[in-house]
Every structure is written in structure tokens, then in C-alpha cells.
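S.K.: Dropping the structure in here first, questions after.
Nothing in this text is a laboratory measurement; each read-out follows from the coordinates by a stated rule. Because the structure is a prediction, the values reported are computed rather than measured. Don't worry about glycine lacking a Cβ; one is built from the backbone with ideal geometry, like all the others, and counts go over all protein chains shown.
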Amino acid sequence: MNRAFAVALMVGCAVVATAADDNSDPIRKKLDAAKAKFEEGKKAARAKAKEYFDQQEAKARDKGDKKRVDQIKDERRAFDENMVFTGNVPVSLKTAVEAPQKALEAAFATAVKEYTRTKKDDLATAVEQEWKEWKEVKDKEAVQVKDKEAVQVDQDKNPFTPLFNGKDLTGWGVSWGGENGTWKVVEGAIQGEGKNANWCHLAAGEARFADFHLKMEVFRNPSCEAGVLIRNEGTNQYSISLRDGTVARLNGNTDKKVQSPANEWYIFDIIARGNKITTYINARKCANAVDDGNAFLSGRMALRVTGEGSVVRIRKIEIMNLGPATPPAKK
């Protein structure tokens, strides 16, 4: 159960508690018992899922299949966040996760029906609101899963090409703002450090990228301000924050920003198709930005860092070509 649903249940319980005493309300007792059973079922399902992911990851490591190991890590992360599976898992495991949720949803519906039958409309309304909040949380989770599956489909269609060899900056070069920071390889990762309030850029050579999926493994310190420039030509480009995934000066950034964790590695995805740019942090959508002016459809790519004390590391950066940029048809 995520934090939002936990809050929803607490609010619903508080509302109902003001209208009835649990000791004298058998309907509320049954609903509370269903919630307790849901918690037990959720805990058991998480234990089974952990065992499954541990076994699958161990098998992949034994085979030396790094791609599969990374995929399992992504699936595990998605499950830990939303308690849903983004890959194929045994039916028994899926049932172990879905059964407690279905039972709890049925318990809500039964409580509403019973309160309505006994003409306790205020309690029926309170439980309906509690159920509505539960459904809203589940709907949001479903959208996140759909987004994650879209990323996975792209990954399965076409292999990624690494842009960093893990040893040195071959193919990379400080293109502008070299006096504002430094870029070097530290412990197998590209490390950027800011010196002042201006940007220091490290370009991925002179290659031009149009429609693509960029995947990175990033680590930043708490004060870090870093980003990625895409489709750069001269002063024209899109600037994307590695802190929250927002695309500068474009509409479509999420209202509630998803913050990347500090002092730990996280996965950062950018998918650029035509005039649409979508970003993800650990498979959670950050932005779904659209350039109605259809301005920049191809160009160079660069990493950027700014600010004294800013430190960012990228230990893995790879790209998958999604074909030529295709602007929307004119109306």
C-alpha cells in the first residue's frame, strides 16, 4: 500500500468514527477487519514477490545476462512502489497480489450497501468517499504501470547503444563553458563538478540525434544542479533537469514534480519523438512536454552541470534510435 492510500484509509476511518462508535457498529467492524486482512495479505504478497525477484535475479547473474538483471531490477522497483507487476510473472504470484485488493474493494462495496439498506446515509457517504479515494490511488498506479510498460516495449524493440565506455571520455568533449566546471571519469563513471553559477557542458561528440530513447544511471549530491541538453544546434536546444525531469520552457511538466533521490543511484529516461519529450525517474513519469512550435527536431546531446559544490555522476548512458523525427501533420 502506498502512502496516498494509507492516508485515504486514515481519513476515511476518521470521518466514519465521528458518526459511529466502532463497538456498536458491526458494519464498520467488518470493514476494519477487511482492512486488517488486506494488510496481512499485502505483507505476504510482498514476501512472495521478493522471493521471486531474488530467484530471477540470481538466475540472470549466473548466466551473466546483465540486461535481464537490469530488467528485473526495474520490475522490482515498480512493484515496490505500486505493488503491481510490469513483467510476466507466475499466475499464482499475480493472484497473491490481486486477491487481497479485490477482497478489500468488495468489503467497501458491501459496507456502502449495508449502510444504505439501514438508512444510515451519512455513514454510507463517508465509506463511499473512502472507497473513491482508494480507486483514485489505484487508477494513478495503473497509469504509472502503463507508462513503465511503454518504456519496456521500446527497450525490447531495439537494442541500446552505449555512449560511454566506462573507462575514459573517448567520444566526448567539453564543448563550451569549460572554465565553469570539470568533467572526468571517476570509479567507472562520468563525473561533473560545478565551479560557479554558469553551466559547463560535456558533449557526446558531433553526432545528431532525432527521435530516441536515452537511458542513464545517475548519482547526484543534494545540492547538485545538472541536466541534459538534447537536439542542440547553436543556441537552440531542449534542457532537461536531472533533478526532477522537467523540460525547460515547455508545457506538459507534471504538476507534482517527481524528485530524484540524492546520494543514491537512480535510472533516468528521456524519450523524444517528434515534438514530444517524455522523462522518467525510476520509471515514474516526470514530464510529458510538447513543443507546439515544433522547433528542434534533431541535434547534438550534452551533459551539463552548474553551481559550486554540484557533483553529478553518470555510470551508464545509452541510446536507442527510434527513427527519424516526424512532426505532427499540419491541421
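S.K.: Could you tell me which of rounded, prolate or oblate describes region 161-321, using a ≥ b ≥ c as the square roots of the eigenvalues of the alpha-carbon gyration tensor, with rounded for a/c under 1.5 and, failing that, prolate when a/b is larger than b/c and oblate otherwise?
M.R.: Details: a/c = 1.41, a/b = 1.22, b/c = 1.16.
Rounded is the answer for region 161-321, as its axis ratio a/c remains below 1.5.
S.K.: Compute the distance in nm between two label points, each set 7 Å from the Cα along the Cα-to-Cβ direction, one at Asn263 and one at Ala109.
M.R.: My value for the distance between the label points is 4.7 nm.
S.K.: In region 93-126, which residues have a backbone nitrogen under 20 Å from the label point lying 7 Å from Ala44's Cα in the Cα-to-Cβ direction?
M.R.: The answer is 93-108.
S.K.: Taking the Cβ of each residue in Ile319, Ile270 as the centre, tally the other Cβ atoms inside 10 Å and list the residues starting with the fewest.
M.R.: Details: Ile319 19, Ile270 23.
The order, fewest Cβ neighbours first, is Ile319, Ile270.
S.K.: What whole-number distance in Å separates the alpha-carbon centres of region 157-222 and region 292-313?
M.R.: Using only Cα atoms, the two centres lie 10 Å from each other.
S.K.: Expressed in nm to one decimal, what extension gain is obtained for the pair Arg208 and Asn321 from 0.36 nm per residue of sequence separation less their Cα-Cα distance? Please list the in-between numbers first.
M.R.: On the way: separation 113, 0.36 × 113 = 40.68 nm, distance 1.09 nm.
In short, 39.6 nm is gained.
S.K.: Among Lys42/Lys135; Lys29/Lys50; Lys73/Lys94; Lys42/Lys215, which pairs are too far apart, with a Cα-Cα distance over 24 Å?
M.R.: Details: Lys42/Lys135 17 Å; Lys29/Lys50 32 Å; Lys73/Lys94 18 Å; Lys42/Lys215 32 Å.
With Cα atoms farther than 24 Å apart: Lys29/Lys50; Lys42/Lys215.
S.K.: So, one more: Using 0.36 nm per residue, how much length does the chain from Ser92 to Lys135 gain when fully extended, once their Cα-Cα distance is taken away?
M.R.: Details: separation 43, 0.36 × 43 = 15.48 nm, distance 2.39 nm.
That works out to 13.1 nm of additional length.
S.K.: Treat each spin label as a single point 7 Å out from the Cα along the C-beta direction, and report the Asp168 to Lys73 distance in nm.
M.R.: For Asp168 paired with Lys73, the spin-label model returns 2.6 nm.
S.K.: Determine, from the Cβ-Cβ distance of Glu308 and Asp80 and an R0 of 45 Å, the FRET efficiency 1/(1 + (r/R0)^6), rounded to the nearest 0.05. It would help to have the intermediate numbers written out before the result.
M.R.: Values: r = 35 Å, r/R0 = 0.79.
Computed FRET efficiency for Glu308 and Asp80: 0.80.
S.K.: Can you put Met301, Met216 in order of Cβ neighbours within 10 angstrom, beginning with the fewest? Could you put the intermediate results ahead of the total?
M.R.: On the way: Met301 24, Met216 21.
Fewest-to-most ranking of Met301, Met216: Met216, Met301.
S.K.: Same structure, new question: Can you put Leu31, Leu104, Leu93 in order of Cβ neighbours within 10 angstrom, beginning with the fewest? Walk me through the numbers before you get to the answer.
M.R.: Details: Leu31 26, Leu104 22, Leu93 16.
Sorted ascending by nearby Cβ count, the order is Leu93, Leu104, Leu31.
S.K.: Thr116 to Lys66: extension gain in nm, 0.36 nm per residue of separation minus the Cα-Cα distance? Please report the intermediate quantities before stating the final value.
M.R.: Working: separation 50, 0.36 × 50 = 18.00 nm, distance 5.58 nm.
Using 0.36 nm per residue and subtracting the Cα-Cα distance, I get 12.4 nm.
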